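First comes the structure, then the notes that go with it.
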Amino acid sequence: MIAYSNINELIHSREFGGILSYLSLVNGIEGAILYDRDGLVVASGENTDSQLHYQAPYLLADFMSSLAKLEQTDFGRIDVQVTYGSENFFQIVNLNKASLFFLVVSGPKGSYELFKIRIGRSAQALEYLIHEKGYYKG
């Protein structure tokens, strides 16, 4: 893995793994995984805890179920969901209006407020890169 000094350099590298490692290599983030709407892993961060690979599909299925139910109402689209477990937080970010890609991030329960800006910047970088690679038109 090539080391980059900031998120802008990672965008230009055109690597999903680099952007996800920007999150997962930070002390206090336990993992970052990019999923498509079928629940398949597109990429994951370098130091992503294997436990997240087991937990994330259930959290993502619940999130997607909520999205489907809310589409039937006038509530609108959900962009972000944060769930707290007994020890960890789990954030799911809907990366585009068509709900094709999702970022799932985990870390210790008390650290969410410290990392939410970094997670947001990474989500924006992933969304930009997905669009640039032509995976969706938006």
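Given Leu52, Leu103, Leu59, Leu40, which one is farther than 21 Å from Asn27 by Cβ and touching a residue at least 12 places away in the same chain (Cβ under 8 Å)? Reasoning before the result, please.
On the way: Leu52 fails: farther than 21 Å from Asn27 by Cβ; Leu103 fails: farther than 21 Å from Asn27 by Cβ; Leu40 fails: touching a residue at least 12 places away in the same chain (Cβ under 8 Å).
Only one candidate qualifies: Leu59.
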Of everything in the stretch 39-89, what is at positive phi and loosely packed, with under 11 Cβ neighbours inside 10 Å? Give them in sequence order.
Gly76
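Within the bounds of the stretch 74-93, is there any residue that is touching a residue at least 40 places away in the same chain (Cβ under 8 Å), part of a loop (DSSP other than H, G, I, E, B) and among the small types (Gly, Ala, Ser)? Show your work before the answer.
First, the residues of the stretch 74-93 that are touching a residue at least 40 places away in the same chain (Cβ under 8 Å): 88.
Okay, now just the ones that are also part of a loop (DSSP other than H, G, I, E, B), so none.
Checked against the condition, which is being touching a residue at least 40 places away in the same chain (Cβ under 8 Å), part of a loop (DSSP other than H, G, I, E, B) and among the small types (Gly, Ala, Ser), the stretch 74-93 yields no hits at all.
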Restricting attention to the stretch 89-107, report how many residues are among the polar types (S, T, N, Q) and modelled with pLDDT under 90.
2
Which residues, taken from the stretch 34-61, are aromatic (Phe, Trp, Tyr) and under 16 Å from Leu23 (Cα atoms)?
Tyr35
Consider Tyr35 against the criteria (1) surrounded by 12 or more Cβ atoms within 10 Å (Cβ to Cβ); (2) out of contact with any Phe, Trp or Tyr (no Cβ under 9 Å at 6 or more places or on another chain); (3) modelled with pLDDT of 90 or more; (4) closer than 29 Å to Gly134 by Cβ: it satisfies all of them except one. Which criterion is unmet?
(2)
For the stretch 116-125, check the following and say yes or no: at least one residue is over 12 Å from the mean Cα position of the chain (by Cα) and assigned to a loop (DSSP other than H, G, I, E, B).
no
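Considering only the stretch 107-122, state which residues are without any contact (Cβ under 8 Å) to a residue 40 or more places away in the chain and of a type in the set (A, V, I, L, M). Reasoning before the result, please.
Just the residues of the stretch 107-122 that are without any contact (Cβ under 8 Å) to a residue 40 or more places away in the chain, to begin with: 109-110, 112-113, 116-117, 120.
Hit for the stretch 107-122 is Ile117, nothing else.
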How about the stretch 94-115: which of its residues are part of a loop (DSSP other than H, G, I, E, B) and either among the small types (Gly, Ala, Ser) or in contact with a Gly (Cβ under 8 Å, 6 or more places away or on another chain) (or both)?
Asn96, Lys97, Ala98, Ser99
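Of the residues Lys116, Lys97, only one is surrounded by 14 or more Cβ atoms within 10 Å (Cβ to Cβ) and of a type in the set (Lys, Arg); which? Walk me through it before giving the result.
Working: Lys97 fails: surrounded by 14 or more Cβ atoms within 10 Å (Cβ to Cβ).
The conditions single out Lys116.
The values are calculated or read from the model by the stated rules, or taken from the named source; none is laboratory data. Predicted model only: the values in this text are computed from it and were never measured. Cβ coordinates were reconstructed from backbone atoms using ideal geometry, including for glycine residues, and neighbour counts include every protein chain displayed.
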